[in-house]
Every structure is written in structure tokens, then in C-alpha cells.
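Trainee: Submitted below is the structure of interest, expressed as C-alpha cells.
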Amino acid sequence: MMTRVAVVGATGYAGAELVRILAGHPKVKLAALTSRQHSGKIFSHVYPSMAGIVDMPCEEFSADSLAESVDLIFMALPHKLPMEIVPLLLRKGMRIIDLSADFRFLDVTLYETHYQPHTCPELLKKAVYGLCEVYTEKIRSADIIGNPGCYPTCTLLPLIPLIKAGLIETERIIVDSKSGVSGAGRSPSLTTHHCEVNESFKAYKVADHRHNPEMDEVLSREADKPMHVTFVPHLVPMTRGMETTIYATLKNQAGKEQIRNCIREFYKGRPFVRLRSEGIAADTLHVKGTNFCDIGIHVDQAAKMVVLTSAIDNLVKGAAGQAVQNMNIMLGLDETLGLMAVPYPL
Ligand SMILES: NC(=O)c1ccc[n+]([C@@H]2O[C@H](COP(=O)([O-])OP(=O)(O)OC[C@H]3O[C@@H](n4cnc5c(N)ncnc54)[C@H](OP(=O)(O)O)[C@@H]3O)[C@@H](O)[C@H]2O)c1
């Protein structure tokens, strides 16, 4: 049986990536695409690469009409908007995967400190943080998923196994990330203007980014004690891709083999997390357009430090791909369905 799905905010970058992946999914029927600016327009007229593939029209959002035509909704709207409509959609019996930050936090105070007042805080306990490889069991039965942010996905996947195994210190972890410009969305702005980013490389929101409390909350939960990482994001002049380099102090005389075995065992049987060969760092080129998270492991024994590198495509594993992986798990499907397109060699 085909599951009927809608993408709300289908013409934004994350929404369009969802449409791309869902259009090739064997168990899904794209039943509705919503957009305010492009309502009435054919999707492939907004994104011409979709000509002959997704030629259905975009429509205005209507909870009533979605309730009649779809079973599951992907929300790809800016934060603040989803929390205003999700309660209504849940009451109408739909399952929801939200790509914004509105349902990622357990602690409402943390959300409200970094975003704005939450209009349905009672739903935060019901929502499941959709980091697929870590919270698989909870995801299966969830009705509302808070799909993780791109930076947290790229950071948490390499760190969580080592934190849980007690192989690294929980203090003084440094997370140094670089993102392609599509991470900022489709709306034009001065900071993402070609002339401002082309041939440029800069840090922004140093130790002040909204994804920092999201990472801290999840890491604290996994470590079973309060944790804070120093997070520095950078913007790089490429369209998609994200690389994160993490510096942490080794504990209990852990060595390179122990670190590798720990991460390898944690993700055994999970096809989207790939360990790079010894001495090789993760590279955004090798995950472009895919749902993979590649992890490289390096140990500086003299400094008693582990250096982890991880690479994802911010629009796929960092957004739409992980959202579809969440859907597959929720529907009891193979988690790779629709997500195993063979990567470009370069
Ligand atoms: N880009 C990424 O790499 C990435 C990664 C992880 C998570 N996310 C999350 O995914 C969500 C969408 O991000 P995005 O990058 O796709 O952003 P985007 O390109 O700006 O798209 C957002 C879409 O939401 C629609 N929208 C509806 N009401 C809106 C309103 N009041 N104000 C602004 N837009 C409105 C817009 O389409 P209409 O105006 O036509 O309705 C717009 O196309 C965000 O919550 C973001 O945090 C994005």
C-alpha cells in the first residue's frame, strides 16, 4: 500500500529536497505540495529539474484538505510556524515530521531562551528527536518527530558512541563546523549573497548558534550529566555539504583501536553511517546528494586527544534524507527505501 504524503513548504530548499527524494520513493505517493508564493504553479516550473518528474501544482496550506488527502506530513517551514499548526494536524490523525526546531527540545525553557515562547509545550514530551540511528525504537511509534538540525546531526553521530562508552572526557569538547550556503534557505539575504560568500570563508555566531543548545541537550541526556560543547560554525562558498571537526580529550587511556571499534560497533548494521579508512578524513564530496554520514577518526596520542571528522549533505542527512529515513522507520519499512541512490564519484 502506498502512503500518501504532503510536503508543507515544498518550494524551500529543504522542501524541494524532500520532493526530490519522495518522488523516487517506491512506497509513497506525493499527494500535496504547499507553498504561499507559488500556489497554483506547477512544481517543475519552480524547479525545472523536476520537469516530467513532479508536474503537480503547488497549493495553499489547508489543514482540512490535507486531512482528507494525506496520511503523513513533512513540514519544511521556518521555526515558529509549525508549532502553530501541528496540534491541529495531530488532532486530525496525521503523523508529522517537522524539520524546524519547534519539536526538537525536551526542555521548553531551553527552546524559549533561544527561539521564542512555545505555543504547545505539552507536545514536546510526545515528540521524538529524530536522530535515526540513536532513537530508532522511539521513532517507530512516534506521531510527531522533531527532525534534528544539520549541525547537530553531523556532531552527534560521531560523538554519542564515545560519550556513552566513557572513552572521552565530557568537558572541553570543541566542535568546529563548516556549512554550504543552502543551509541558510532560499530567501535571499546579504549574508548569503554571491559576492559576500564567494571566495570567502568565515566563522559566524561563534559560541552563540541556536544549534548549540540542541546538541548540549541531547549529549547531556546521553551522558546522564550536564554537557556543553564549544561550537563554532563557518560558512563556506559551496552550495551543499557540511564538514565537522571535533576535538575531545581521551579518557581511560583509550587508544585508536578502541575508538574505532566503539563507533563501528555502535553503528553496526546501520547503512548510513560509514567509517573512513584509517588516517582518512571525512569529505563532503563523497556524501553529496546522499543520506550518508561519513566519519574519520584520528588520534593524537601525544596530546591525548581524539580528532573526529564527519561529513554530511546538509540538505539530505542534515534535513530531507533523515526526515524520509524517519518516515521509513515510522512506517515499519526498510530505513534505506528511497534513499540509496548511488553517489556521484565526484
Ligand atoms: N536548509 C537546510 O540545510 C536545513 C537543514 C536542516 C533543517 N532545515 C529546516 O528546514 C526548514 C526549512 O528550511 P529551508 O532551508 O528550506 O528554508 P527556505 O528555503 O527559506 O524555505 C522555507 C519555506 O517555507 C515557506 N513559508 C511558509 N510560510 C512562511 C513564512 N511565514 N515565512 C517564511 N517562509 C514561509 C516558504 O515558501 P512560501 O513562501 O512559498 O510558502 C519557504 O519556501 C527550517 O525550519 C530549517 O531550519 C533546513
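Quick note: the coordinates plus some simple rules give every number you see, no bench work behind them. Everything quoted here is computed from the prediction, not taken from an experiment. Cβ sites come from the backbone with ideal geometry, for glycine too, and all protein chains shown count toward neighbours.
Trainee: Which value in Å is the Kirkwood Rh of the chain over different Cα pairs?
Mentor: 20.5
Trainee: Also, quick follow-up: So for the stretch 82-138, considering every pair of alpha-carbon atoms, how many percent are separated by more than 12 Å?
Mentor: Looking at the stretch 82-138, the distances longer than 12 Å represent 67 percent of pairs.
Trainee: I need to check one value: relative contact order of the stretch 172-323, counting alpha carbon pairs closer than 8 Å and at least 6 residues apart, in percent. All intermediate terms of the calculation are to be shown ahead of the outcome.
Mentor: Working: 288 pairs, mean separation 40.2, N = 152.
RCO, the stretch 172-323: 26 percent.
Trainee: While we're looking at this one, here's another question. Please compute the contact order of the stretch 85-179 in relative form: average sequence separation of alpha-carbon pairs under 8 Å and at least six residues apart, divided by the residue count, as a percent.
Mentor: 28
Trainee: Sort out for me the Cα centre separation of the stretch 277-346 from the stretch 117-179, rounded to whole Å.
Mentor: Measuring centre to centre over Cα atoms gives 15 Å.
Trainee: Here's something else I'd like to know. Using only alpha carbon positions, build the gyration tensor of the stretch 1-139, then give the equivalent ellipsoid semi-axes as the square roots of 5 times its eigenvalues, largest first, whole angstrom. Walk me through the intermediate numbers first.
Mentor: Values: eigenvalues 140, 54, 42 Å².
Gyration-tensor ellipsoid for the stretch 1-139: 26, 16, 14 Å.
Trainee: With a cut-off of 8 Å between alpha carbons and a minimum separation of six or more residues, what is the relative contact order of the stretch 253-318 in percent?
Mentor: Reported as a whole number, the value is 30 percent.
Trainee: A follow-up question, please. Figure the gain on full extension for HIS194 and SER141 (residue separation times 0.36 nm, minus the Cα-Cα span) and round it to one decimal in nm.
Mentor: Details: separation 53, 0.36 × 53 = 19.08 nm, distance 4.32 nm.
Net length gain for the segment: 14.8 nm.
Trainee: Cα convex hull of the stretch 199-249: mean projected area in nm², to one decimal?
Mentor: If I average the Cα hull's projected area over directions, I get 4.4 nm².
Trainee: Where nothing but the Cβ of Lys and Arg (+1) and of Asp and Glu (-1) is charged, how large is the charge dipole of the stretch 7-68 around its Cα centre, in debye to the nearest 20?
Mentor: I would put it at about 220 debye.
Trainee: How large is the charge dipole for the chain, taken about the Cα centre, if only the Cβ atoms of Lys, Arg (+1) and Asp, Glu (-1) carry charge, to the nearest 20 debye?
Mentor: Its charge dipole is roughly 400 debye.
Trainee: Oh, and also: What is the Cα convex hull volume of the stretch 225-346 when expressed per residue in Å³?
Mentor: Working: hull volume 17.9 nm³, N = 122.
Each residue corresponds to 147 Å³ of Cα convex hull volume.
Trainee: Quick check for me: using +1 on Lys/Arg Cβ and -1 on Asp/Glu Cβ, what's the dipole size of the stretch 112-265 about its Cα centre, in debye to the nearest 20?
Mentor: The calculated dipole for the stretch 112-265 is roughly 220 debye.
Trainee: Can you give the extra length, in nm with one decimal, that the chain gains between VAL342 and ALA63 once fully stretched, where that is 0.36 nm per residue apart less the Cα-Cα distance?
Mentor: Gain on stretching VAL342 to ALA63: 96.8 nm.
Trainee: Obtain the nm distance between the two label points defined at GLN301 and ASP107 by a simple spin-label model: each point lies 7 Å from its Cα along the Cα-to-C-beta direction.
Mentor: With each label placed 7 Å out from Cα toward Cβ, I get 3.9 nm.
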